[in-house]
Amino acid sequence: MDTLVGKPSSYSRVTLSRIMATTDVNLYGTVHGGVIMKFLDDAAGAAAARHSGGNAVTAAIDEIVFAAPVRVGDLVHAHATVNWTGSSSMEVGVRVVAERWDTAGTDPVEVATAYLVFVGVDVDNRPRRIPPVLPETPDDERRWREADIRRRHRLARRDAIAESRSA
């Protein structure tokens, strides 16, 4: 079996940006959480495809935290990076920030963070091997460690639920 060459964390980094429009809002006048969820999934998918060198599908959304509302006219950026890799799966971290349209020149506001699990797939949608991610900085190494903790918790939760169903 050939060994896949690892790729540095920076290789997968992607930023998507868009201005939020009136078609994105809910009854409260802020952008729907689902619009933000799709946006961060798009950014995470681009990072996963870039890292894996091909198709990658969303397998799980581990966590999404909404920190502040997004409004019409805000310029929103989703920053995504592959944090951790297994043999065919990878965790992608996404940070979403907004530049407020009415306070130009101020620091962007963090509006959401999320962790998504992707699986690299072949043309028949079967899992395929992906290259390992190579953390480059202390922050990348911290993200790797934290992603591994989230993975172990996901697996333990799945096993505990399966065990409770068989009891």
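What's the local net charge at residue 99, with K and R +1, D and E -1, over the other residues with C-beta under 12 Å away?
-1
Along each of its three principal axes, how wide is the spread of alpha-carbon positions in the chain, in whole angstrom units, largest first?
Principal-axis extents of the Cα atoms in the chain, largest first: 55, 44, 35 Å.
Can you give me the solvent accessible area of residue 66 with a 1.4 Å probe, rounded to the nearest 10 Å²?
That residue has around 110 Å² of solvent-accessible surface.
Mean separation of Cα pairs under 8 Å and 6+ residues apart, divided by the residue count of the chain: what relative contact order is that in percent?
Details: 339 pairs, mean separation 44.8, N = 167.
In percent, rounded to a whole number, it is 27.
Once neighbouring chains are kept in place and the probe is 1.4 Å, which whole percent of the accessible area of the chain is contributed by carbon and sulfur?
Details: 5190 of 9480 Å².
Reported share for carbon and sulfur atoms: 55 percent.
Between residue 26 and residue 159, what is 0.36 nm times their sequence separation minus the Cα-Cα distance? Round to one decimal in nm.
Values: separation 133, 0.36 × 133 = 47.88 nm, distance 3.76 nm.
Full-extension gain reported as 44.1 nm.
Report, as a whole number in µm² per second, the diffusion coefficient that Stokes-Einstein gives for segment 1-99 at 20 °C and 1.002 mPa s using the Kirkwood radius over alpha carbon pairs.
Working: Rh = 14.5 Å.
Taking Rh from Cα pairs, D becomes 148 µm²/s.
Taking the 0 to 90 degree range and rounding to the nearest ten, how far is the long axis of helix 138-165 tilted relative to the main principal axis of the chain, both from C-alpha atoms?
Compared with the principal axis, the helix lies near 70 degrees.
Which whole-number value in Å² is the accessible area per residue of the chain, probe 1.4 Å? It would help to have the intermediate numbers written out before the result.
Values: 9480 Å² over 167 residues.
Heavy-atom accessible area per residue stands at 57 Å².
Accessible area, 1.4 Å probe, largest first: how do 61, 36 sort? If you can, show how the numbers build up before the last one.
Details: 61 80, 36 5 Å².
Most to least solvent-accessible, the answer reads 61, 36.
The values are calculated or read from the model by the stated rules, or taken from the named source; none is laboratory data. Since the structure is predicted, the reported quantities are computational estimates derived from the model, not experimental observations. Note that we place each Cβ from the backbone using ideal geometry, even for glycine, and neighbour counts take in every protein chain shown. Ligands, DNA and RNA are stripped out before the accessible areas are found, and what is left, the full protein with its side chains, is counted by its heavy atoms. Shrake-Rupley method; radii C 1.70, N 1.55, O 1.52, S 1.80 Å.
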